[in-house]
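The structure appears right after this line, and notes come after that.
The values are calculated or read from the model by the stated rules, or taken from the named source; none is laboratory data. In this text the structure is predicted, and so the values were computed from the model without any measurement. Backbone-built Cβ (ideal geometry, glycine too); neighbour counts: all protein chains shown.
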Amino acid sequence: MEVLEAFTQSKDPARPNEDAYVVLERHAAVIDGATDKSGKRYEWRGETASSGRFAALVVADALVALETTCRAPTSVEAMTFIGRRLDEAVLEQQPDIGVHQRPACSLVVYSAPRREVWSVGDCSWAFRGVQHRAGKKIDDITASLRAAVTEAHLADGWAVEELARQDPGREAIHGLLDHQGVFANRVHDLGYGSVNGLPVPEQYVVATALAGTGTLVLTSDGYPAILESREASDRNLFELVRDDPLCIGPLLGPKAASPGASVYDDRTWLSLHV
């Protein structure tokens, strides 16, 4: 595989990036650390990190270790290896942590030996222009509830800027956001796949074989669409945030963009010729 472009950026220059990417000899990946809600902090390689950044850093290191351990693991073998590494790192620092508080991330990996894309969670990817996007039902519920609360405040005369700053809709869903991790890796109507150190049911590990050669793009969910280039995808993102800064329309989601911000989330783009 040939790296065409690699880019990652925090949504706020004052905050550490909870996204990461890894390019190795046989594997390449984009990792999207779940936004921290617990307030817990972790130590990793001399850095004090939020749970989302900690998960991303540990998983990045686990991918490096995977390359030296197994030449061509299957998707399930790889996710099992990575999950065990994260579980060990979490329990070493938080032995009594609750399931819903576990550091977690979404992950999309390209395996060169197998010519497959593996995905757990809501990262996205595109091959030869065909997009593959993931989502989860629990996010649809929280985003819709937040939108309803926000719309009610708009109707009550609140200014867009004030709503973006205070985001009462997010406050309304805080309890569900804080506990939705109980559905991670659970076979349930609200269940979803997550790299959080616990076993990921095989149904949540999506492996897709690639046919032919072409451009493969891996992204975190900070990109609402994967277009023909990163520049075009960024322009599309900026336009959507400009038109929907509260993220209650086309960008329907669990939080608004910060006042004056051009994005609502960390974003990562990794394009490869495979």
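Quick check on my filter: what residues within region 127-143 are surrounded by 14 or more Cβ atoms within 10 Å (Cβ to Cβ) and out of contact with any Asp or Glu (no Cβ under 6 Å at 6 or more places or on another chain)?
Kept after step one, since they are surrounded by 14 or more Cβ atoms within 10 Å (Cβ to Cβ), are these residues of region 127-143: 127, 132-134, 136, 138-139, 141-143.
The answer is PHE127, HIS132, ARG133, LYS136, ILE138, ASP139, ILE141, THR142, ALA143.
For residues that are in a strand (DSSP E or B), farther than 24 Å from GLU228 by Cβ and of a type in the set (Gly, Ala, Ser), tally how many sit in region 1-44.
Here the count works out to 2.
Restricted to region 162-205, and to residues that are within 20 Å of the chain's Cα centre (by Cα) and acidic (Asp, Glu), which residue is nearest to ASP140 (Cα to Cα)?
Of everything passing the filter in region 162-205, ASP178 is nearest to ASP140 (Cα to Cα).
So is PRO254 at pLDDT below 95, over 18 Å from the mean Cα position of the chain (by Cα) and either in a loop (DSSP other than H, G, I, E, B) or buried (at least 20 other Cβ atoms within 10 Å of the Cβ) (or both) or not?
no
Would you confirm whether or not region 162-178 contains a residue that is touching a Pro at 6+ places or on another chain (Cβ under 9 Å) and within 29 Å of VAL3 (Cβ to Cβ)?
There is no residue in region 162-178 that is touching a Pro at 6+ places or on another chain (Cβ under 9 Å) and within 29 Å of VAL3 (Cβ to Cβ).
When the residues of region 89-122 are filtered to those that are among the charged types (D, E, K, R) and without any contact (Cβ under 8 Å) to a residue 60 or more places away in the chain, which remaining residue is surrounded by the fewest Cβ atoms within 10 Å (Cβ to Cβ)?
ASP96
Pull up region 214-251, narrow it to residues that are among the small types (Gly, Ala, Ser) and in a helix (DSSP H, G or I), then point me to the one that is farthest from the chain's Cα centre (by Cα).
Among residues in region 214-251 that are among the small types (Gly, Ala, Ser) and in a helix (DSSP H, G or I), the one farthest from the chain's Cα centre (by Cα) is ALA232.
Restrict the check to region 120-135 and report whether at least one residue is hydroxyl-bearing (Ser, Thr, Tyr), under 21 Å from the mean Cα position of the chain (by Cα) and part of a helix (DSSP H, G or I). Please lay out each step first, then the result.
Here is the first cut: in region 120-135, the residues hydroxyl-bearing (Ser, Thr, Tyr) are 124.
Among the residues that remain, those that are also under 21 Å from the mean Cα position of the chain (by Cα) are: 124.
In the following step, the residues that additionally are part of a helix (DSSP H, G or I) were identified as none.
Checked against the condition, which is being hydroxyl-bearing (Ser, Thr, Tyr), under 21 Å from the mean Cα position of the chain (by Cα) and part of a helix (DSSP H, G or I), region 120-135 yields no hits at all.
If I filter region 85-97 for residues that are assigned to a helix (DSSP H, G or I) and of a type in the set (Lys, Arg), do I get at least one hit?
Yes; the residues of region 85-97 include at least one that is assigned to a helix (DSSP H, G or I) and of a type in the set (Lys, Arg).
When residues of region 37-51 are filtered for being in contact (Cβ under 8 Å) with a residue 60 or more places away in the chain and among the aromatic types (Phe, Trp, Tyr), how many remain? Before the answer, list the steps.
Our first condition is that a residue be in contact (Cβ under 8 Å) with a residue 60 or more places away in the chain; within region 37-51, this holds for 37-38, 40, 42.
Now restrict to residues that are among the aromatic types (Phe, Trp, Tyr): 42.
Count: 1.
Looking only at region 53-88, count how many residues are aliphatic (A, V, I, L, M), touching an Asp or Glu at 6+ places or on another chain (Cβ under 7 Å) and surrounded by fewer than 21 Cβ atoms within 10 Å (Cβ to Cβ).
Quick first cut of region 53-88, residues aliphatic (A, V, I, L, M) only: 55-60, 62-66, 72, 76, 78-79, 82, 86.
Retained after the next criterion (residues that are touching an Asp or Glu at 6+ places or on another chain (Cβ under 7 Å)): 56, 76.
With surrounded by fewer than 21 Cβ atoms within 10 Å (Cβ to Cβ) added as a condition, the list becomes 76.
Summing the residues that are aliphatic (A, V, I, L, M), touching an Asp or Glu at 6+ places or on another chain (Cβ under 7 Å) and surrounded by fewer than 21 Cβ atoms within 10 Å (Cβ to Cβ) in region 53-88 gives 1.
Of the numbered conditions (1) of a type outside the set (Lys, Arg); (2) under 24 Å from ASP265 (Cβ atoms); (3) out of contact with any helix residue (DSSP H, G or I) (no Cβ under 9 Å at 6 or more places or on another chain), SER51 fails exactly one; give the number of that condition.
(3)
Search region 178-196 for residues being surrounded by fewer than 18 Cβ atoms within 10 Å (Cβ to Cβ) and in a helix (DSSP H, G or I), and hand back the single one that is modelled with the highest pLDDT. Steps first, answer last, please.
The initial filter retains those residues of region 178-196 that are surrounded by fewer than 18 Cβ atoms within 10 Å (Cβ to Cβ), namely 178-179, 182, 186-190.
Pick out the ones that are also in a helix (DSSP H, G or I) and you get 178-179, 182.
Working: ASP178: 89, HIS179: 90, VAL182: 94.
Checked region 178-196; the qualifying residue modelled with the highest pLDDT is VAL182.
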